[in-house]
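What follows is a short report on a single structure.
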Amino acid sequence: MGKLGKRTVAAREAFAGKENLTVEEAVSLIKASANAKFDETLEIAMNLGVDPRHADQMVRGVVGLPNGTGKDVRVAVFARGPKADEATAAGADVVGAEDLMEIVQGGKIDFDRCIATPDMMPVVGRLGKVLGPRNLMPNPKVGTVTMDVAEAVKAAKGGEVQFKVEKAGVIHAGIGKISFDDKKLVENVRAFVNAVSKARPSGSKGAYLKKISLSSTMGPGVSINVDNAVAE
């Protein structure tokens with residue numbers, strides 16, 4: 001193993017022996033230890049008591065963070081005619097129909113969120129193998145298959161975050177920038193945790209929120225108290 005850098009060693013020492021913190025304590029610790037040369041993201045990882053291989057234990061949803069993500073989200077919209085015009089006016093970065101499908105099929109995916117009107121789904125459906133693995137496939141359950149494309153674009157640009165449980169029962173997301181003040185990050189953490197909590201599927205038995213950890217992009221993680229995290 002290579003020698004650890006001074007920054008990594010210092011961060012690990014600061015986190016040593018600390019776990020099950022309140023959200024406020026964890027955010028303060030992470031902010032104090034985040035010293036990369038860029039504005040790191042506050043990341044959350046949630047271990048859930050579900051097995052997503054079963055349909056009645058799948059967890060997915062969307063949450064509008066009260067203070068946004070701090071990220072410039074590029075949005076693509078599959079639409080025609082007036083709806084395409086609405087998407088463009090709302091600030092969509094890429095708008096198209098079959099022409100956009102061909103671009104994506106060619107391997108160019110220059111966007112972070114994909115929205116489609118219902119009539120475009122036969123076209124978008126051909127891109128399932130490309131968009132699906134990247135979690136970009138439009139889905140009515142998270143509001144990305146809709147006739148109200150303008151509102152969907154504004155929501156995506158305004159800090160809306162989608163979440164979907166992975167095979168191991170983990171949900172991971174970026175929920176703000178370290179440069180945000182403590183209060184805003186705490187509010188974002190609780191908003192995200194509460195959204196996941198409310199998305200508990202019918203097939204989940206026993207403990208649902210098993211463990212929650214926070215970290216910065218380049219820093220170590222720290223566990224937070226679940227009850228404190230879900231407190232309003």
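Derivation of every value follows stated rules applied to the coordinates shown; laboratory data play no part. Computed from a prediction, not measured in an experiment: that's the story for all the values here. Glycine gets a Cβ as well: all are built from the backbone with ideal geometry, and neighbour counts include every protein chain shown.
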Over the Cα atoms of the range 131-173, Rg to Rh with Kirkwood Rh, two decimal places?
1.01
Using a 10 Å cut-off on Cβ atoms, rank the peptides 171-183, 46-58 from the highest mean neighbour count down.
171-183, 46-58
Measuring from the longest principal axis of the C-alpha atoms of the chain, the long axis of helix 23-33 (C-alpha) lies at a number of degrees, nearest 10, equal to 80
The helix 6-15 Cα axis meets the longest alpha-carbon principal axis of the chain at an angle in degrees, between 0 and 90 and rounded to 10, of 80
Tilt, helix 81-90 to longest principal axis of the chain (alpha-carbon atoms), in degrees rounded to tens, equals 30
P(r) for the chain, please, calculated from all Cα pair distances in 10 Å bins and given in %.
8, 29, 30, 23, 9, 1
If the label point sits 7 Å along Cα→Cβ of LYS205, residues of the range 36-61 with amide N under 13 Å come out as 50-51, 57
Evaluated over the range 75-157, the Cα radius of gyration and Dmax, each in Å:
11.1, 30
Simple spin-label model, 7 Å along Cα-to-Cβ: GLU24 to LYS71 in nm?
2.9
For the range 75-157, what is the charge dipole size about the Cα centre, in debye to the nearest 20, if Lys and Arg each add +1 at the Cβ and Asp and Glu each add -1 at the Cβ?
340
At 7 Å along the Cα-to-beta-carbon direction for both LYS183 and PHE38, put a label point, then send me their distance in nm to one decimal.
3.0
